[in-house]
1. Kindly evaluate Q169 against the criterion of being within 19 Å of the chain's Cα centre (by Cα) and either modelled with pLDDT under 95 or not hydroxyl-bearing (S, T, Y) (or both).
2. Tally the residues that are open to solvent by 40 Å² or more (accessible area, probe 1.4 Å) and within 13 Å of Y26 (Cβ to Cβ), restricting the search to region 107-123.
3. Within region 36-47, identify whether any single residue is without any contact (Cβ under 8 Å) to a residue 40 or more places away in the chain, closer than 23 Å to M222 by Cβ and out of contact with any Leu (no Cβ under 8 Å at 6 or more places or on another chain), and answer yes or no.
4. Those residues that are closer than 14 Å to A112 by Cβ, open to solvent by 50 Å² or more (accessible area, probe 1.4 Å) and in a strand (DSSP E or B), I need them from region 1-52; list them, please.
5. Can you name the condition, by its number, that G73 falls short on among (1) free of Cβ contacts under 8 Å to residues at least 24 places away in the same chain; (2) open to solvent by 10 Å² or more (accessible area, probe 1.4 Å); (3) farther than 29 Å from R149 by Cα?
6. Based on this model, can you work out whether E180 counts as open to solvent by 60 Å² or more (accessible area, probe 1.4 Å) and closer than 30 Å to G49 by Cβ?
7. If you scan region 169-197, which residues turn out to be under 15 Å from I153 (Cα atoms) and in contact (Cβ under 8 Å) with a residue 12 or more places away in the chain?
8. Out of all the residues in region 54-70, which are more than 25 Å from D107 (Cβ to Cβ) and open to solvent by 70 Å² or more (accessible area, probe 1.4 Å)?
Amino acid sequence: MTVGSNQPYLFPYIGYWQLMNMSDAYVISDSMQYIKKGYVNRNNILVDGKRHLITLEVLGVKTGKNINEVMVGNNKKKILKSIFHAYKKAPYFEEVYPMIENIMNYDEKNLAKFLGHSIKKIAAYLDIKPKFIYLSDLQGETPLRAQARTIDICKRVNADHYINAVGGQKLYSKEDFAEEGIKLEFLQTGDIKYKQFGNEFVPNLSIIDVMMFNSQDETKKMLGECTLI
């Protein structure tokens, strides 16, 4: 079984979905520590040809809190308005915006569950169908950290193949995973480009940007534009 995992993020970039697309089971790491000013509740969209940061307000953030202990704030309508005005003239706005609206209007205060719902909705749109597992349901409280924690996750779901984003090369050892009977590989996203509003291409924006400028089938094809190393 091939497993991928990551923290839940707000409308993450396409590499997140590529990893998920390669996974038989995908672990939403909701019981990891919430990092202030990270990308759990933030991402970039295209506004006037430039990268523009949108940030979902969060409540109850204290040092040491996990993502599933943080609450969603009150600026969802403001974010929706920003997305609407940024992409109302995009070619696939009519197909994509109702889904984004549904996601942002989801009545859930827990940040991890709110983001988990978002992830599942977009995955369904892109025909990505792993078994979704919340880390808090799988592992519970644990003293394990970093690589040891990830190996434990793999064992709990009987994984023999674990895929991580390429940034994990500095954190994980293929030899250590192999000793546990697990093949470790890292996903490298390809050089993905597409037409935006006729401006110079702005890369690595939220999946919202990809879906607004590309058809469902074109976006699904992009899921394969990556390599394992």
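The values are calculated or read from the model by the stated rules, or taken from the named source; none is laboratory data. Small disclaimer: the values here were computed from a predicted structure and weren't measured. Positions of Cβ are generated from backbone atoms using ideal geometry, with glycine treated the same way; all protein chains shown enter the neighbour counts. The protein model used for the area step is the full one, side chains on, heavy atoms only, and it has no ligands, DNA or RNA in it. Shrake-Rupley method; radii C 1.70, N 1.55, O 1.52, S 1.80 Å.
1. Yes, satisfied.
2. 1
3. Yes, because at least one residue in region 36-47 is without any contact (Cβ under 8 Å) to a residue 40 or more places away in the chain, closer than 23 Å to M222 by Cβ and out of contact with any Leu (no Cβ under 8 Å at 6 or more places or on another chain).
4. Within region 1-52, just Q33 meets the criteria.
5. Checking G73 against (1) free of Cβ contacts under 8 Å to residues at least 24 places away in the same chain; (2) open to solvent by 10 Å² or more (accessible area, probe 1.4 Å); (3) farther than 29 Å from R149 by Cα, the one that fails is (2).
6. So E180 fails the test.
7. Of everything in region 169-197, those that are under 15 Å from I153 (Cα atoms) and in contact (Cβ under 8 Å) with a residue 12 or more places away in the chain turn out to be Y172, D176, F177, E180, G181, I182, K183, L184.
8. Hit for region 54-70 is T63, nothing else.
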